[in-house]
Amino acid sequence: MIGVVASAVGVAGVGAAIGAYGSMAPESQLFGRTIIAGRDAAEFALTFDDGPNDPWTGRLLDVLARHDVRATFFLIGKYVRQRPDLVREIREAGHLIGNHTVTHPWLAMESARRVREELAGCNGALEDVLGGPVRFFRPPHGSRRPEVLRAARELGLTAVMWNAMGYDWRLNTTADKIAAHLERGVLRNRRRGRGSNLLLHDGGHLDFGAERSQSVEAARMILERYKAGSTRYVTVDAWA
């Protein structure tokens with residue numbers, strides 16, 4: 001009897017571990033297909049979460065313009081309503097805009113109703129500003145489960161994850177540290193023959209006006225390190 005109980009506990013533990021991996025691991029496809037990156041190791045997508053955010057989104061747009069690079073911005077609905085002018089600036093600069101929910105919750109822990117409200121609400125805020133449909137979304141924290149991806153599909157959204165993170169949300173980090181994290185991700189992706197989907201933040205989900213100077217500087221460093229030409233910068237729709 002003890003052996004049966006121990007086996008059951010062991011199976012439950014394995015099941016929990018698999019569920020956690022499927023829910024949180026950026027490259028997991030266990031709960032449904034998501035976009036990670038293409039098979040061309042020379043392709044990079046710079047992606048930015050948690051905007052729009054003044055003044056750092058604008059400064060980031062300046063950096064991208066100087067390097068003639070287009071990026072992908074996953075925007076939070078409550079900030080979209082607060083600064084529609086910044087959303088229009090992003091679009092007018094030629095960047096791709098995606099859905100990052102209204103309030104940035106852990107979607108895997110929310111009810112199906114709340115998930116749909118978060119996705120549909122952000123879609124509505126963005127479409128009011130952009131005048132057209134939104135096709136891509138990134139789950140906050142990468143948190144998802146099958147119901148999240150199903151709701152996204154029903155709203156015409158494709159989930160986008162990442163395979164290189166700058167960890168720029170950590171306290172007291174620096175641009176050098178952020179860039180180093182991204183470069184390690186790029187090296188790992190190149191060894192695997194994959195493109196690099198680089199995750200940075202131009203805002204913060206806790207408050208509008210989050211300080212992101214180090215993220216902007218790290219983006220500049222990456223653009224200098226991996227110059228356009230030898231590196232092909234794409235927006236995530238290239239991998240759809």
Handout entry: Residue count for the range 231-240, restricted to those that are polar (S, T, N, Q) and either surrounded by fewer than 20 Cβ atoms within 10 Å (Cβ to Cβ) or at pLDDT below 95 (or both)
Key = 1
Completion exercise
Subset of the range 46-65, residues charged (D, E, K, R), in contact (Cβ under 8 Å) with a residue 12 or more places away in the chain and farther than 19 Å from residue 206 by Cα, comes to 59
Problem - Residue, surrounded by the fewest Cβ atoms within 10 Å (Cβ to Cβ), within the range 127-139, restricted to residues that are part of a loop (DSSP other than H, G, I, E, B) and within 16 Å of the chain's Cα centre (by Cα) - result: 135
Exercise for the section: Would you be able to say whether some residue in the range 129-143 is of a type in the set (Phe, Trp, Tyr) and more than 23 Å from residue 239 (Cα to Cα)? Expected result: no
Handout entry: residue 116, sole failed condition from (1) in a loop (DSSP other than H, G, I, E, B); (2) free of Cβ contacts under 8 Å to residues at least 60 places away in the same chain; (3) among the basic types (Lys, Arg)
Key = (1)
Practice task
Taking residue 70 as the residue in question, decide whether it is in contact (Cβ under 8 Å) with a residue 24 or more places away in the chain and out of contact with any strand residue (DSSP E or B) (no Cβ under 6 Å at 6 or more places or on another chain).
Solution key: yes
Problem - Those residues of the range 209-230 which are at pLDDT 95 or above and either among the hydrophobic types (A, V, I, L, M, F, W, C) or closer than 12 Å to residue 44 by Cβ (or both), in sequence order - result: 210, 216, 218, 219, 221, 222, 223, 225, 226
Problem - Pick from the range 171-205, criterion more than 16 Å from the chain's Cα centre (by Cα) and assigned to a loop (DSSP other than H, G, I, E, B), ranking: nearest to residue 66 (Cα to Cα) - result: 174
Exercise for the section: Would you mind stating whether residue 164 is surrounded by 23 or more Cβ atoms within 10 Å (Cβ to Cβ), hydrophobic (A, V, I, L, M, F, W, C) and under 16 Å from residue 101 (Cβ atoms)? Expected result: no
Exercise for the section: Among what's in the range 187-208 and is surrounded by fewer than 22 Cβ atoms within 10 Å (Cβ to Cβ) and hydrophobic (A, V, I, L, M, F, W, C), pick the residue that is modelled with the highest pLDDT. Expected result: 187
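The rows are residues; the columns are (1) modelled with pLDDT of 80 or more; (2) acidic (Asp, Glu); (3) over 24 Å from residue 224 (Cβ atoms); (4) within 15 Å of the chain's Cα centre (by Cα).
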| residue | (1), (2), (3), (4) |
| --- | --- |
| 16 | no, no, yes, no |
| 22 | no, no, yes, no |
| 26 | yes, no, yes, yes |
| 35 | yes, no, yes, yes |
| 43 | yes, yes, no, no |
| 53 | yes, no, no, no |
Fill in the blank from the handout: Filter the range 227-240 for residues that are under 20 Å from the mean Cα position of the chain (by Cα) and not in a strand (DSSP E or B); the one that is farthest from residue 160 (Cα to Cα) is 234
Exercise for the section: Determine the pairs where a residue that is among the aliphatic types (A, V, I, L, M), located within the range 144-168, has a partner that is at pLDDT below 95 and surrounded by fewer than 22 Cβ atoms within 10 Å (Cβ to Cβ) with Cβ atoms under 7 Å apart, the partner being 6 or more residues away or on another chain. Expected result: 149/31; 149/32; 161/26; 161/27
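One line per residue, one yes/no per condition, for (1) within 21 Å of residue 197 (Cβ to Cβ); (2) among the acidic types (Asp, Glu); (3) modelled with pLDDT under 95; (4) more than 12 Å from the chain's Cα centre (by Cα):
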{"residue": "103", "(1), (2), (3), (4)": "no, no, no, yes"}
{"residue": "109", "(1), (2), (3), (4)": "no, no, no, yes"}
{"residue": "112", "(1), (2), (3), (4)": "no, no, no, yes"}
{"residue": "117", "(1), (2), (3), (4)": "no, yes, no, yes"}
{"residue": "120", "(1), (2), (3), (4)": "no, no, no, yes"}
{"residue": "125", "(1), (2), (3), (4)": "no, no, no, yes"}
{"residue": "165", "(1), (2), (3), (4)": "yes, no, no, no"}
Problem - Among the candidates 110, 183, residue that is over 24 Å from residue 79 (Cα atoms) and out of contact with any Phe, Trp or Tyr (no Cβ under 6 Å at 6 or more places or on another chain) - result: 183
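The values are calculated or read from the model by the stated rules, or taken from the named source; none is laboratory data. Just so you know, these numbers come straight off a predicted model, no measurement behind them. Because the Cβ atoms are built from the backbone with ideal geometry, glycine has one as well, and the counts that use them run over all protein chains shown.
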